[in-house]
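Okay, structure first, notes after.
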Amino acid sequence: MRLRTVGRMLAVVVALAAFSGTAQAETAAEILVKMDKTVNGFDDQFMDNTMTIINIDGSKKSYRFSILQKGEKRLIRFSTGEMKGMANLIEGAGRVYAYLPGQKKVRRVSAHNMQQSFAGSDFSNDDMAFTSWPGNYTAEIKSQDDNYWVLACTAIPGKSAPYPAAEAKVRKGTYQLDAYTFFDEAGKPIKSFENSDLTDFGGGLMRNKTVLVTDLRTGHKTQLEIHEFKVNQKVPDSKFTQRELEWGR
Amino acid sequence: MKHKTTLLFAGVILLASGSAKANWAEMISLSGSLESDVRFITDNWRGAKKGQGYEFEMNRNDINLRLRADPTERVQAVVDTRLRFFGFNEAATLPELISRERIDPFSFQLTEAYVAVRGVPWSKMDIKIGRMIQTWGTVDMFNPTDNLNARDFSDPLNFMDKVPNQMLEIDIYPTDWLTLQAVWVPTFKPSQLPPSAVLGFALEYDDNGCVAGFPAPPLDADGRAVLGSLFSADGPFGMDLDLCRLNFANPEVRTVMPKAGISNSQAAARAKFQAGPVDFSLSYYYGRFKFPVAYTAVADVMSPGGKTSGFVTDSKTIDPKKYNVKYVAEVMYPRMQVIGADFAYSSDNPWVPGFKAEAALILPEKVDFGMSAFLDGEKLDLGKDPANPMRTITSSNGSGKPFVKATVGVDWSYSDIFYINLMYVYGFFDEFNDRFGLHHFFVGATEFKFLQSELQIRMSSVLDMTDLSAMIYPQLTWIVAPAVELSFGYMHFFGDTSPRDPLDFATKSRFGQKATGRNVAFMKAKVTF
């Protein structure tokens with residue numbers, strides 16, 4: 001009996017060691033790819049969100065908007081606030097258009113505008129256009145514990161990484177990106193993202209429902225709450241055109 | 001014919017109606033805004049009479065409602081309306097005091113009302129028909145290729161508004177990088193002018209109540225010499241330009257409107273290209289210039305004790321001791337063709353500004369201005385050549401030769417904090433290379449944002465580099481809460497209110513002349529829903 005118990009324990013230990021060995025064998029690049037697949041690895045995705053901007057004094061204001069995304073392409077429409085009716089089309093890095101309802105005109109947005117915040121929030125337009133971790137960063141495992149890998153990421157020169165460096169906290173097992181921080185060239189932290197409230201949006205589609213962004217230089221915060229999340233809807237490329245931008249005006 | 005057109009369009013909609021939506025709530029979306037605008041005149045020298053000013057110019061409330069219905073994925077109907085309350089009592093008599101419309105006047109405007117059908121009869125083609133507003137061109141605001149809709153300058157603080165018009169628009173999207181557009185506008189609509197525009201033809205009076213200035217007709221040097229000779233000591237009036245001896249009735253300006261025939265339709269076509277960091281387009285427009293161009297003028301003069309012509313002099317206001325003058329002018333809307341090109345360049349590098357440029361080659365109709373004068377019922381001989389006396393002064397007010405209007409601009413921003421937009425503009429909205437010519441402008445706008453863009457300070461200015469008049473327009477906007485904006489600002493014009501040469505149309509100051517508007521301080525509130 002004792003022998004049998006010891007045998008079982010040994011089997012468990014061996015199995016754990018084997019599993020652990022597999023986990024350790026995963027390279028940072030592989031983890032980054034798997035995490036990105038979990039977060040962005042869909043043919044297309046649609047999100048309906050409320051963005052709450054939280055000032056340092058605690059006062060809040062909220063805007064509702066939707067994002068339709070396919071690869072690098074995004075279509076963002078505001079449905080409340082002073083920007084209601086405004087829409088942004090991101091065809092790719094450097095190809096951004098805005099529909100301005102006041103002028104009834106589609107205007108090409110210059111790259112310098114991408115540095116601006118997204119609707120006064122702590123998201124920049126660059127953050128919103130950022131759709132691929134492995135396409136923009138290389139990674140190294142900085143540390144890990146039982147639950148997380150912490151990846152130190154460095155921007156790939158010539159790509160469209162929004163910041164020079166990042167640190168990503170990836171949950172082991174699920175590859176969910178639970179938190180990440182962006183750094184400037186001097187290595188100072190600029191912005192942190194905390195993702196929480198892992199939710200099943202239907203059919204086992206898991207996604208953190210809440211994203212809290214903190215500007216670490218000012219303490220200003222923005223919370224994004226996802227109301228609806230749909231993926232792989234076979235959205236055609238024609239949804240990401242100026243024709244569509246004008247049609248929705 | 002009308003019946004056939006209706007049937008045709010109904011057929012197109014039927015073709016497009018594939019998957020109808022389940023219920024009305026899914027189909028309809030409503031949006032809009034409430035706006036309140038209070039303005040105070042901060043001068044007393046730019047009005048019709050000296051000393052008028054330091055009073056409220058505007059006390060306006062607008063309710064804007066936009067209803068969009070999407071009965072199917074391929075059909076869209078839009079109705080965009082504006083209910084405007086002007087805020088000033090217009091009841092001037094006791095009977096009018098029983099009318100709410102006079103005490104609280106308002107207007108209802110239909111900004112847009114159109115039906116759009118997508119993918120019919122070809123998947124890459126859209127059709128829109130109805131009352132619409134089009135904006136062409138890549139530069140900001142000063143678009144010389146944007147000629148389909150007339151401008152609405154009823155609000156001098158708003159250069160963006162346009163007069164809607166009925167039109168048929170066909171858009172074709174053959175590839176990702178090419179869009180073709182054709183628009184037909186059956187009838188002509190002129191631009192809406194600011195309330196101050198009438199001052200462009202108003203008389204000036206001095207402190208003694210004498211006429212101090214009158215609208216100069218667009219004459220060349222020879223024509224001005226003939227006009228000046230009328231007022232010399234040996235001229236027919238023999239008064240050596242003593243304007244105190246004139247009893248000048250308010251000038252009357254009549255418009256010569258194009259008839260509603262098909263020959264006065266407007267048509268335009270455009271090809272838009274996307275090529276990497278550059279978007280550019282080529283366009284063509286056939287139609288008319290939307291601002292009035294001086295065409296004819298008649299001065300009817302009755303000397304002291306003389307006879308009336310019975311032609312234009314208003315006998316009720318005749319002063320038997322003075323020269324009584326009535327001036328009637330006509331303005332028209334010349335035809336033009338516009339060949340346009342524009343581009344926008346956007347670099348991947350955030351430190352490189354965005355570049356935009358737009359140019360229009362305008363092939364205008366020739367406009368010959370003619371002026372005649374009557375004295376005591378007899379038509380005066382205003383001929384320049386004694387051997388071949390003409391009875392009118394004629395002068396070109398638009399040579400008919402092609403000319404160019406253009407805008408070149410750069411814009412750049414630094415994070416959320418700072419935005420700058422600089423433009424060189426050749427030819428303002430209402431300039432047609434007539435006797436006034438085309439002026440050169442420098443336009444600058446800077447914006448500083450604070451508190452996560454809740455507070456915005458914007459400074460806009462336009463300098464006329466030709467006559468050195470200018471306009472400045474500082475504005476503070478506070479986004480009190482999402483969808484609620486409060487704005488405070490000021491608009492001030494610099495430049496001479498009177499032309500340097502009272503007989504020379506071309507020496508009017510662009511922003512100095514009273515027709516441009518008043519210096520105002522304003523407060524606006526806007527709620528968007």
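The values are calculated or read from the model by the stated rules, or taken from the named source; none is laboratory data. All values derive from a computational prediction rather than experimental measurement. With ideal geometry, Cβ positions are generated from the backbone for all residues, glycine too; neighbour counts draw on all protein chains shown. When the accessible area is computed, the model is the full protein with side chains, heavy atoms only, and any ligands, DNA or RNA have been set aside. Shrake-Rupley method; radii C 1.70, N 1.55, O 1.52, S 1.80 Å.
Note the angle between two axes, namely the Cα long axis of helix B:221-230 and the longest principal axis of the Cα atoms of chain B, as a number of degrees from 0 to 90, rounded to the nearest 10. The answer is roughly 40 degrees. Peptide A:95-103 is shielded by partner chain Cβ atoms: per residue, an average of 3 of them sit within 10 Å of its Cβ. Of the residues B:Thr308, A:Thr210, ranked by 1.4 Å probe accessible area with the largest first, the sequence reads B:Thr308, A:Thr210. About the centre of its Cα atoms, the protein assembly as shown shows a dipole size close to 1940 debye [charges on the beta carbon of Lys, Arg (+1) and Asp, Glu (-1) only; nearest 20 debye]. In this structure the amide hydrogen of A:Asn208, modeled in the peptide plane, comes within under 5 Å of the amide hydrogens of A:Thr199, none closer than 5 places in sequence on its chain. Sorting A:His227, B:His492 on solvent-accessible area from highest to lowest, probe radius 1.4 Å, gives A:His227, B:His492. Taken along the Cα-to-beta-carbon direction at a fixed 7 Å, the label points for B:Ile417 and B:Leu30 span 4.5 nm.
With respect to chain A, whose longest principal axis is taken over its alpha-carbon atoms, helix A:2-25 is tilted by about 40°. Spatially, the range B:454-529 and the range A:131-201 are offset by 49 Å when compared through their Cα centroids.
Over the range B:362-461, what is the mean sequence separation of C-alpha contacts under 8 Å (at least six apart), divided by residue count, expressed as relative contact order in percent?
The value is 20 percent.
Only protein heavy atoms count here; under a 1.4 Å probe, B:Leu30 has an accessible surface of about 100 Å². When the charge dipole of the range A:95-161 is built from unit charges on Cβ atoms (+1 for Lys and Arg, -1 for Asp and Glu) and taken about the Cα centre, the candidate among A:Ser110, A:Asn125, A:Thr154 whose Cα reaches farthest toward its positive end is A:Ser110. Averaged over the residues of B:478-485, the number of partner chain Cβ atoms lying within 10 Å of the residue Cβ comes to 5.
The long axis of helix A:28-40 is offset from the longest Cα principal axis of chain A by roughly 50 degrees.
Could you report the buried accessible area between B and A, both sides summed, computed with a 1.4 Å probe and given in Å² to the nearest 100? That pair hides around 4000 Å² of surface in total.
Could you give the longest part of chain B that holds none of the GluC sites (Glu not before Pro) found in DSSP loops with at most 13 neighbouring Cβ atoms within 10 Å? Of all site-free stretches, the longest is B:91-529. Pairs with C-alpha atoms separated by more than 19 Å, drawn from the list A:Lys105/B:Lys524; A:Lys37/A:Lys172; B:Lys356/B:Lys526; B:Lys124/B:Lys272, are A:Lys105/B:Lys524; B:Lys356/B:Lys526. A cysteine counts as unpartnered when no other cysteine's C-beta lies under 4.7 Å of its own; in the protein assembly as shown this applies to A:Cys153. Among the listed pairs A:Lys142/B:Lys449; A:Lys169/B:Lys449; B:Lys290/B:Lys379; B:Lys259/B:Lys405, which have their C-alpha atoms separated by more than 30 angstrom in this model? Where the Cα-Cα span goes over 30 Å, the pairs concerned are A:Lys142/B:Lys449; A:Lys169/B:Lys449; B:Lys290/B:Lys379. Working note: Karplus 6.51/-1.76/1.60 with θ = phi - 60° gives the range B:131-137 the couplings 8, 9, 10, 10, 10, 10, x Hz, where Gly and Pro are set to x. Over chain B, dividing the summed -39,500 (n - 2.57) contributions of all DSSP H runs of at least 4 residues by the number of residues returns a 222 nm mean residue ellipticity of -1500 deg cm²/dmol. When the residues B:Cys244, B:Cys210 are ordered by accessible surface, computed with a 1.4 Å probe over the protein chains alone, the sequence from largest down reads B:Cys244, B:Cys210.
Only protein heavy atoms count here; on that basis, with a 1.4 Å probe, B:Arg82 has an accessible area of about 40 Å². Averaged over the residues of B:171-178, the number of partner chain Cβ atoms lying within 10 Å of the residue Cβ comes to 2.
With contacts taken as Cα pairs under 8 Å and at least 6 residues apart, chain B reaches a relative contact order of 13 percent.
For the range B:73-169, the square roots a ≥ b ≥ c of the C-alpha gyration tensor eigenvalues yield an a/c of 1.5 or more together with a/b not exceeding b/c, which makes the shape oblate. Rounded to the nearest 10 square angstrom, A:Lys60 shows an accessible area of 140 square angstrom against a 1.4 Å probe.
Taken about its Cα centre, the range B:98-252 carries a charge dipole of roughly 800 debye when the Cβ of each Lys and Arg holds +1 and the Cβ of each Asp and Glu holds -1. Within the shell defined by Cβ-Cβ distances under 13 Å, the residues around B:Ala329 carry a net charge of -1, with Lys and Arg each +1 and Asp and Glu each -1.
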